[in-house]
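Encoded as structure tokens, the structure appears first; notes follow it.
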Amino acid sequence: MSLAKLRTHYTKQINPDAIGEDKVTIAGWVHEVRDLGGICFVVVRDREGRAQVTLVKKNIDRELSNSARKLVRESVVSITGSVKPESKAPNGYEIIPDVIDVLNEAGSPLPMDTTGKVDAELDTRLDSRFIDLRRPGTLAVFKIRHEVQKAVRDFLTDNGFIESSTPKVVATATEGGTSLFPITYFDREAFLNQSPQLFKQILMAGGLDRVFEIGPIFRAEEHDTRRHLNEATSIDIEASFTDHFDVMEILENMVVFVYSQVKENATQMLDDLGVELTVPKTPLLRLKYQEAIDIVNSSSDEKLKWGDDLGTVSEHIIGEHVFNETGESHYFIIDWPSEIKPFYAMSYEDRPEISKSFDMMHRTMELSSGAQRVHDHDTLKDRIESKGLDSDGFDFYLRAFKYGMPPHSGWGIGCERLVMTMLGTDNIRDVVLFPRDRKRLSP
Ligand code: ATP
Ligand code: MG
């Protein structure tokens, strides 16, 4: 990798054996200055780690020595010098500097501590995300999130999926309902899309066969929970000539792949966070909705009946039950009542009250919903109307079902929920750079 002239190496790339006699230039933030009189240590931090810069007063130019002592924490510096082995320094080397360049001095006091020694409230951290990201724990989360998204892309691409991008400004709600953000689109009303669902399906009519999208979804629900955002990132797929069981297999294999990749490529970050990852074992349990509500009814005061949705409490009861029985945190709930699944979900022909839908669950929350979709135009139109929606608004979508729509299935999994359950963070906002919720619209 070639870095710009202001530096030649990341801190972690400096290895005295590899570098030999050559001078190196590192650049980053002043993490710490320890002035012990005769000797002064400056710790410089960059994205990849830390390096120790050592100035022994009697060996070094006075002006240089003075400027090092005056460095303000979190200022941006570029330091050139030679590398020397030093067992007590990070990575076992230190830099003896020739030049210390202050590229930009930091103001003080800092809005929050960057060493990780002082715990800050989530709100304080989010208000000053630019500085929160300099803490090793926060940075680790976003490096892992990168690994997750990369693994998803790799897995789906290798399995024949084409990456697609569908509009986020739309004229019609995906599932009707009120949970949409209206916007002004020139002189018309439009909405921010709550899901790429309808567009993914249109792409099936276009013969794209298998598509995926990693993109934003917007939900105007006024919830204030630890697992909901008003702008989230959804990983969505749609696949032609498949049924719900086929795409459940793709989903569980993808989750296993993502976990394995993170375990392999993000060892240091997992260590920083104190997380030990257990890769799920496939095939995951496929629990029927009826069995799930029986578990709830037999182990709590809650009495659910056919057609009731599962709330947070029920999800926890079922999650614990499955974990105790199988030792696995992930499982599917299948055979949902058709009445509580969206119009585009297909029902069994011989059992119309049961939907070919599934949810992938984590012990603590829902991760994903999916289904085989209705591909017959007239059935779909009836389903839209039976949900109390105006089918005229869906004309752009219904047209795609008239001229050769293959059978197809798909799912959507929340990227944040995938990362948060993997890392065991207790608030979804921890795994989003700039979360959007009921109260937060800035930064
Ligand atoms: P929940 O019942 O937990 O609110 P949902 O059933 O409304 O979720 P779906 O419409 O099925 O959500 O969306 C598919 C996936 O997208 C969800 O399983 C979840 O992982 C993610 N997701 C949906 N809404 C949100 C949200 N508001 N914040 C974060 N993730 C979300
Ligand atoms: Mg759902």
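Yes or no, residue by residue, for (1) surrounded by 15 or more Cβ atoms within 10 Å (Cβ to Cβ); (2) modelled with pLDDT under 95:
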position	(1), (2)
19	yes, yes
22	no, yes
26	yes, no
30	yes, no
42	yes, no
46	yes, no
53	yes, no
59	no, yes
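Checked against (1) in a strand (DSSP E or B); (2) over 30 Å from residue 146 (Cα atoms), residue 103 passes all but a single condition, namely (2). Of note, residue 442 does not satisfy the criterion of being in contact with a Phe, Trp or Tyr (Cβ under 8 Å, 6 or more places away or on another chain), among the hydroxyl-bearing types (Ser, Thr, Tyr) and open to solvent by 30 Å² or more (accessible area, probe 1.4 Å).
Scan 316, 321 and give me the residue that is in a helix (DSSP H, G or I), open to solvent by 40 Å² or more (accessible area, probe 1.4 Å) and either within 21 Å of residue 413 (Cα to Cα) or in contact with a Leu (Cβ under 6 Å, 6 or more places away or on another chain) (or both). The conditions single out 316.
The criterion of being hydrophobic (A, V, I, L, M, F, W, C), more than 30 Å from residue 423 (Cβ to Cβ) and open to solvent by less than 10 Å² (accessible area, probe 1.4 Å) does not hold for residue 332. Exactly one residue out of 120, 205, 190, 106 is over 20 Å from residue 413 (Cβ atoms) and either within 23 Å of the chain's Cα centre (by Cα) or β-branched (Val, Ile, Thr) (or both): that is 120. Checked against (1) polar (S, T, N, Q); (2) more than 16 Å from ligand 2 (Cβ to nearest atom); (3) crowded, with 22+ Cβ neighbours inside 10 Å, residue 386 passes all but condition (3). Can residue 223 be described as surrounded by fewer than 19 Cβ atoms within 10 Å (Cβ to Cβ) and within 16 Å of ligand 2 (Cβ to nearest atom)? It is true that residue 223 is surrounded by fewer than 19 Cβ atoms within 10 Å (Cβ to Cβ) and within 16 Å of ligand 2 (Cβ to nearest atom). Counting only residues that are modelled with pLDDT of 95 or more and surrounded by 15 or more Cβ atoms within 10 Å (Cβ to Cβ), the stretch 98-119 holds 3 of them. Which of the numbered conditions does residue 233 fail, given that it passes all the others? Conditions: (1) away from ligand 2 (no atom under 16 Å from the Cβ); (2) polar (S, T, N, Q); (3) outside any helix (DSSP H, G or I). For residue 233, the failing item is (1). Restricting attention to the stretch 181-192, the residues that are outside any loop (DSSP other than H, G, I, E, B) and surrounded by fewer than 17 Cβ atoms within 10 Å (Cβ to Cβ) add up to 6.
What are the residues in the stretch 44-59 that are out of contact with any helix residue (DSSP H, G or I) (no Cβ under 8 Å at 6 or more places or on another chain) and part of a strand (DSSP E or B), if any?
54, 56 - these are the residues of the stretch 44-59 that are out of contact with any helix residue (DSSP H, G or I) (no Cβ under 8 Å at 6 or more places or on another chain) and part of a strand (DSSP E or B).
Out of 388, 370, 393, 404, one residue alone is closer than 20 Å to residue 197 by Cα and within 13 Å of ligand 1 (Cβ to nearest atom). It is 370.
Each row is one residue, and each column tells you yes or no for (1) open to solvent by less than 20 Å² (accessible area, probe 1.4 Å); (2) touching a Lys or Arg at 6+ places or on another chain (Cβ under 8 Å); (3) of a type in the set (S, T, N, Q).
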{"residue": "337", "(1), (2), (3)": "yes, no, no"}
{"residue": "355", "(1), (2), (3)": "yes, yes, yes"}
{"residue": "395", "(1), (2), (3)": "no, no, no"}
{"residue": "399", "(1), (2), (3)": "no, no, no"}
{"residue": "435", "(1), (2), (3)": "yes, yes, no"}
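Which one of these is assigned by TED's automatic domain parsing to the domain that holds residue 171, more than 12 Å from ligand 1 (Cβ to nearest atom) and within 29 Å of residue 374 (Cα to Cα): 219, 210?
210
Table: residues versus (1) touching a residue at least 40 places away in the same chain (Cβ under 8 Å); (2) farther than 25 Å from residue 432 by Cα; (3) away from ligand 2 (no atom under 16 Å from the Cβ); (4) open to solvent by 20 Å² or more (accessible area, probe 1.4 Å).
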residue: 194; (1), (2), (3), (4): no, no, no, no
residue: 199; (1), (2), (3), (4): no, yes, yes, yes
residue: 202; (1), (2), (3), (4): yes, yes, yes, yes
residue: 215; (1), (2), (3), (4): yes, no, yes, no
residue: 240; (1), (2), (3), (4): yes, yes, yes, no
residue: 246; (1), (2), (3), (4): yes, yes, yes, yes
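Does residue 371 satisfy being open to solvent by less than 40 Å² (accessible area, probe 1.4 Å), assigned by TED's automatic domain parsing to the domain that holds residue 414 and within 16 Å of ligand 2 (Cβ to nearest atom)? Yes.
The values are calculated or read from the model by the stated rules, or taken from the named source; none is laboratory data. Just so it is clear, the structure is predicted and the values come from calculations on it, not from any experiment. Cβ: placed from backbone, ideal geometry, glycine included. Neighbour counts: every protein chain shown. Accessible surface is based on the protein model in full, side chains and every heavy atom, while ligands, DNA and RNA are left aside. Shrake-Rupley method; radii C 1.70, N 1.55, O 1.52, S 1.80 Å.
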